[in-house]
Amino acid sequence: MDINKQSNFIRDIIEQDMASGKHDLIVTRFPPEPNGYLHIGHAKSICLNFGVARDYGGRCHLRFDDTNPKKEDPEYVRSIMDDVRWLGFDWGEHLYHASDYFEELYQFGLELIKRDKAYVCSLSPEQIRAYRGTLTEAGKDSPYRGRGIQENLDLFQRMRKGEFDEGDHVLRAKIDMSSPNINLRDPVVFRIVKADHHRTKDDWCIYPTYDYAHCLSDSIEGITHSLCSLEFQDHRPLYDWILEQLPVKCHPRQIEFARLNLNYTVMSKRKLARLVQKGVVSSWDDPRMPTLSGLRRRGYTPESIRRFCDLIGVAKSENIVDMSMLEYCVREDLNRKAPRVMAVLDPVRLIITNYPDDRVEELEAVNNPEDPSMGTRKVPFSRELYIERQDFMEDPPKKFFRLSPGKEVRLRYAFFVTCQNVVKDPETGEIVEIHCSYDPATKGGDSPDGRKVKSTLHWVSARHARRVEVRLYDRLFSRPNPAEDERKGVDFLAHVNPDSLKVIRNCFMEPGLENLSPGDKYQFERLGYFCVDPDSTTGMHVFNRTVTLRDAWARIQKKKH
RNA sequence: UGGGGUGUAGCCAAGCGGUAAGGCAACGGGUUUUGGUCCCGUCAUUCGAGGGUUCGAAUCCUUCCGCCCCAGCCA
């Protein structure tokens, strides 16, 4: 176990349950409904459930909560399994579906009726709502609440046979229409749905509801701790009630925790779906999406996401975690792993006037200063180079110590160069060439006379450069909480950041990286971490910027403005 | 207005009657051939507010306030 991992109230409970002998094998489950893609909020739950099982020598089931055939799709089943595996967790033999239990759940329904704990209600959906009462007023009994057991049995069996239409009847638990907890006012446990299920096809035309199916599925699987999010707290009495009425082999304990929120993004499946539908993003795996597939394409590693989930902790208070926390986690991981490479995103030509036009030198560069075992490589140097336009200022402010007229800087792994003059476009005034002289004695980047330089620039030999496309991503929304004004009628889509994606095609990368494949990750020195996008072709590689490096200069500039 | 939760720094979050952990962010400084990394330091006299109990309270009691969730045949 990771000794840096903080405990939390759920782990405390589990440890107590093991110490007291209540359980000697811990069994948890991750129970997604296959109606959408997994996002980083799910990662929190996955890490919690699988992490607890791993750390206490238990197991964690992957169970699809597929009780609503109208919303579910095998496409989501596939993506969910891919994402959980990618995150680094393994359910082994323990892949389950609530739909596997439909027959058992139906039999339990019959049993509930026999025990006079459920009845078939023939009120319309509107009537059921009206009879339910309100938050402050008690509900009233359905006129069908007193139906005899035999009649209920007959009706329920006929519901199952398909003799009725959707909405004609439902099976309801007989609890208490005046309960202050609305979930206990005779909740529906089975409803008629005339839709094919992605796994059971047309075997069923009645389907159990979440409250009924979930606790029983947990019990059937021998789950010891059923971890879910805060909004189910009010459902816990119902979870317990159902298990108490039936001859079940075990009664799992439901424990609720706060779901994850991240600023500058949204986390609900509904909102994420709208972003896709509206074309704000290209797809569920658009690198700006907080989906696991989006983060993966963006260049996030499973390790960084797991680390993030460890760092944020698990508690019961509502929270909105800073995006900077997530970014910290990828940088931490990629700093160790990503090979360094030089690439210029906004090129300006730098000409070394005293360097022979026909000469090319191969200079040795370190692949990763954090990990010497990653070795070195040769990078070609010649008379004409590209450097970053931002690395030159004709009239620099005090704290700017990059290149400017008369100033000397180091070209990484190459030479010291001093700027002599610039050539501008006569029309636009834009700098088109920077003329420098170099000091041959500084080859490799060190001056034998001990002369210091205040800055080191990355560069690419113009003649050898490889052209690439780079996609720069920024936060998807311009507000920390895009949904905060929804009550006032302001749709969250109004806060989409118009600059969340900037595509630049005129970028140059050092040669030598010929066999790139999607997902490969590099640090572009001084710029950030980038990864190869699947849109890459043999002719043009496409890089996604995962995250920038921390940038002290950017902070200095920001403070001034 | 009924029920269920929750308030500790800008953001997460420990703390469970003995005198406010840790991380992110931010800000100083050192090292540095990435203004990166790394390293050092600063950052809550106070825990939503008031009252009470106690030698001692973020922790116990009490009143009040804020915020979140619940009236699907969604999960």
Restricting attention to the stretch A:82-106, report how many residues are acidic (Asp, Glu) and more than 28 Å from A:Arg297 (Cα to Cα). 4
All-but-one check, A:Tyr76 against (1) of a type in the set (Phe, Trp, Tyr); (2) away from RNA strand B (no atom under 13 Å from the Cβ); (3) under 30 Å from A:Ile320 (Cβ atoms), failing number (2)
Looking at A:Glu75 and the list (1) farther than 30 Å from A:Arg288 by Cβ; (2) surrounded by fewer than 18 Cβ atoms within 10 Å (Cβ to Cβ); (3) out of contact with any Lys or Arg (no Cβ under 8 Å at 6 or more places or on another chain), which single condition is not satisfied? (1)
Could we say that A:Val188 is within 14 Å of RNA strand B (Cβ to nearest atom), in contact with a Ser or Thr (Cβ under 7 Å, 6 or more places away or on another chain) and on the phi < 0 side of the Ramachandran plot here? yes
Among the residues of the stretch A:366-377, are any among the aliphatic types (A, V, I, L, M), assigned to a strand (DSSP E or B) and within 13 Å of RNA strand B (Cβ to nearest atom)? yes
Residues of the stretch A:115-130 being within 13 Å of RNA strand B (Cβ to nearest atom) and in contact with a helix residue (DSSP H, G or I) (Cβ under 9 Å, 6 or more places away or on another chain), in sequence order, are A:Val120, A:Cys121, A:Ser122, A:Leu123
Looking only at the stretch A:192-237, filter to residues that are farther than 23 Å from A:Lys70 by Cβ and without any contact (Cβ under 8 Å) to a residue 60 or more places away in the chain; which one of those is farthest from RNA strand B (Cβ to nearest atom)? A:Ser219
Only one of A:Gly58, A:Gly51 that is in contact with a strand residue (DSSP E or B) (Cβ under 6 Å, 6 or more places away or on another chain) and buried (at least 17 other Cβ atoms within 10 Å of the Cβ): A:Gly58
Is there a residue being near RNA strand B (Cβ under 9 Å from one of its atoms) and crowded, with 18+ Cβ neighbours inside 10 Å anywhere in the stretch A:145-159? no
Matching entry among A:Leu334, A:Leu350, A:Leu345 (being within 14 Å of RNA strand B (Cβ to nearest atom), crowded, with 19+ Cβ neighbours inside 10 Å and closer than 30 Å to A:Gln420 by Cα): A:Leu345
Would you check if A:Pro482 is out of contact with any strand residue (DSSP E or B) (no Cβ under 6 Å at 6 or more places or on another chain), buried (at least 18 other Cβ atoms within 10 Å of the Cβ) and not assigned by TED's automatic domain parsing to the domain that holds A:Phe392? yes
Checking the structure you have, find out if any residue of the stretch A:303-321 is without any contact (Cβ under 8 Å) to a residue 60 or more places away in the chain, farther than 25 Å from A:Val379 by Cα and more than 11 Å from RNA strand B (Cβ to nearest atom). yes
Which of the residues belonging to the stretch A:476-519 are more than 13 Å from A:Thr265 (Cβ to Cβ) and small (Gly, Ala, Ser)? A:Gly489, A:Ala494, A:Gly512, A:Ser517, A:Gly519
I'm told A:Val432 meets every condition in (1) assigned to a loop (DSSP other than H, G, I, E, B); (2) within 44 Å of the chain's Cα centre (by Cα) except one. Can you identify the failing condition by its number? (1)
Considering only residues that are surrounded by fewer than 19 Cβ atoms within 10 Å (Cβ to Cβ) and either among the acidic types (Asp, Glu) or modelled with pLDDT under 95 (or both), which ones fall in the stretch A:378-395? A:Glu384, A:Glu394, A:Asp395
Helices (runs of 4 or more DSSP H) wholly inside the stretch A:243-325 that include at least 1 residues being among the small types (Gly, Ala, Ser) and surrounded by fewer than 18 Cβ atoms within 10 Å (Cβ to Cβ): A:269-277
Quick one: would you say A:Glu394 is free of Cβ contacts under 8 Å to residues at least 60 places away in the same chain and over 36 Å from the mean Cα position of the chain (by Cα)? yes
Within the stretch A:488-519, how many residues are under 26 Å from the mean Cα position of the chain (by Cα), free of Cβ contacts under 8 Å to residues at least 60 places away in the same chain and either not in a loop (DSSP other than H, G, I, E, B) or not assigned by TED's automatic domain parsing to the domain that holds A:Ser282 (or both)? 4
I'd like to check something: does the stretch A:523-534 contain any residue that is exposed (fewer than 12 other Cβ atoms within 10 Å of the Cβ) and either part of a strand (DSSP E or B) or modelled with pLDDT of 95 or more (or both)? yes
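The values are calculated or read from the model by the stated rules, or taken from the named source; none is laboratory data. The shown structure was predicted, so the numbers you read here are calculated from the model rather than taken from an experiment. We place every Cβ from the backbone using ideal geometry, glycine too, and count neighbours over all the protein chains shown.
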